[in-house]
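If you scroll down you'll find the structure; I have some questions about it.
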Amino acid sequence: AILLMVLALIGYRTDEANPFEMNARKLELVSSLRAHLQQVIEAEKYAVLAVTEQDAADFAARARQQTMAADGERQALEALVGKQVVAGETARLEEFKACWIQFRQFDEEVLGLATQSTNHKARRLSETQCATDMQNVETHLRRFAQDPAQDSRRAVLAYEALASGLNI
């Protein structure tokens, strides 16, 4: 019975007692954190490029969900680093934490804009208001370029400006 108890105690190791398992767990958390961040970035991209407002909202929700999962991994990593101090690890984690705060701010700003459908509104403006304004600019530039009293350099500049406006 004593032999079984001794073997059980030897076999029982916590993360705190086994640095190899602790490091393996840290690497697992970092890997998972990276995967979640990649999914956040992908969902953000799709939210910005979404065709409909509903799609943008769905992708933004997916990005926020992955951000929360990544934050959970980050907090678990912080807890592990706090249990076993390794030279430089705490400083790197603090640096990451500062970057994480900035990332979350940018993330919310991008997702907020994506769900406002600013791309679609801009496209609608460019197809309506902007198109009308460009036609007015084109009319005036053509009139300016074709004025016989102007030199040829002004005509070239007018047509270059018109081409640039139409490209935009």
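Just to check your reading of the model, which residue among Ala76, Ala70, Ala91 is open to solvent by 40 Å² or more (accessible area, probe 1.4 Å), of a type in the set (A, V, I, L, M) and either touching a strand residue (DSSP E or B) at 6+ places or on another chain (Cβ under 6 Å) or within 20 Å of Ala24 (Cα to Cα) (or both)?
Values: Ala76 fails: open to solvent by 40 Å² or more (accessible area, probe 1.4 Å); Ala70 fails: open to solvent by 40 Å² or more (accessible area, probe 1.4 Å).
Residue meeting the stated conditions: Ala91.
Right, another one. Quick check on my filter: what residues within the stretch 146-164 are open to solvent by 70 Å² or more (accessible area, probe 1.4 Å) and within 25 Å of Ala131 (Cβ to Cβ)?
Gln146, Leu157, Tyr159, Glu160
Sticking with this structure for a sec: Which members of the stretch 98-131 meet the condition of being surrounded by fewer than 13 Cβ atoms within 10 Å (Cβ to Cβ) and either within 30 Å of Leu37 (Cα to Cα) or at pLDDT 80 or above (or both)?
Just the residues of the stretch 98-131 that are surrounded by fewer than 13 Cβ atoms within 10 Å (Cβ to Cβ), to begin with: 98-99, 101-102, 105-106, 109, 112, 116, 121-125, 127-129, 131.
Passing the criteria: Ala98, Cys99, Ile101, Gln102, Gln105, Phe106, Glu109, Gly112, Gln116, Lys121, Ala122, Arg123.
Is there a residue being among the β-branched types (Val, Ile, Thr), more than 19 Å from Asn23 (Cα to Cα), touching a helix residue (DSSP H, G or I) at 6+ places or on another chain (Cβ under 9 Å) and not in a loop (DSSP other than H, G, I, E, B) anywhere in the stretch 58-72?
Restricting attention to the stretch 58-72, the residues satisfying the condition of being among the β-branched types (Val, Ile, Thr) are 67.
Still in the list and also more than 19 Å from Asn23 (Cα to Cα): 67.
Filter once more, keeping what is touching a helix residue (DSSP H, G or I) at 6+ places or on another chain (Cβ under 9 Å): 67.
Then drop every residue that is not not in a loop (DSSP other than H, G, I, E, B), which leaves 67.
Yes: the stretch 58-72 contains one or more residues that are among the β-branched types (Val, Ile, Thr), more than 19 Å from Asn23 (Cα to Cα), touching a helix residue (DSSP H, G or I) at 6+ places or on another chain (Cβ under 9 Å) and not in a loop (DSSP other than H, G, I, E, B).
Additional query: In the stretch 40-57, what count of residues is obtained for those that are farther than 29 Å from Ala24 by Cα and assigned to a helix (DSSP H, G or I)?
As a first pass, look at the stretch 40-57 and keep what is farther than 29 Å from Ala24 by Cα: 44-57.
Narrowing the set further to residues that are assigned to a helix (DSSP H, G or I) leaves 44-49, 53-57.
Selection size over the stretch 40-57: 11.
Taking the stretch 74-89, which residues are without any contact (Cβ under 8 Å) to a residue 40 or more places away in the chain and either part of a helix (DSSP H, G or I) or in contact with a Cys (Cβ under 6 Å, 6 or more places away or on another chain) (or both)? Full working, then the answer.
Of the stretch 74-89, the ones without any contact (Cβ under 8 Å) to a residue 40 or more places away in the chain are 75, 78-79, 82, 85-89.
Within the stretch 74-89, Gln75, Glu78, Ala79, Gly82, Glu89 meet the criteria.
Same structure again: Could you please find all residues in the stretch 31-65 being under 17 Å from Phe96 (Cβ atoms), polar (S, T, N, Q) and open to solvent by less than 100 Å² (accessible area, probe 1.4 Å)? Spell out the reasoning first.
Initially, the stretch 31-65 is screened for residues under 17 Å from Phe96 (Cβ atoms), giving 31-38, 40-41.
When the remaining residues are screened for being polar (S, T, N, Q), the result is 31-32, 38.
Ser31, Ser32, listed by residue number.
The values are calculated or read from the model by the stated rules, or taken from the named source; none is laboratory data. Only a predicted model underlies this, so the values are computations on that prediction, with no experimental measurement involved. Reconstructed Cβ throughout: ideal geometry from the backbone, glycine too, with neighbour counts over all protein chains shown. Each accessible area value is taken on the protein alone, full model and side chains, heavy atoms only, with ligands, DNA and RNA left out. Shrake-Rupley method; radii C 1.70, N 1.55, O 1.52, S 1.80 Å.
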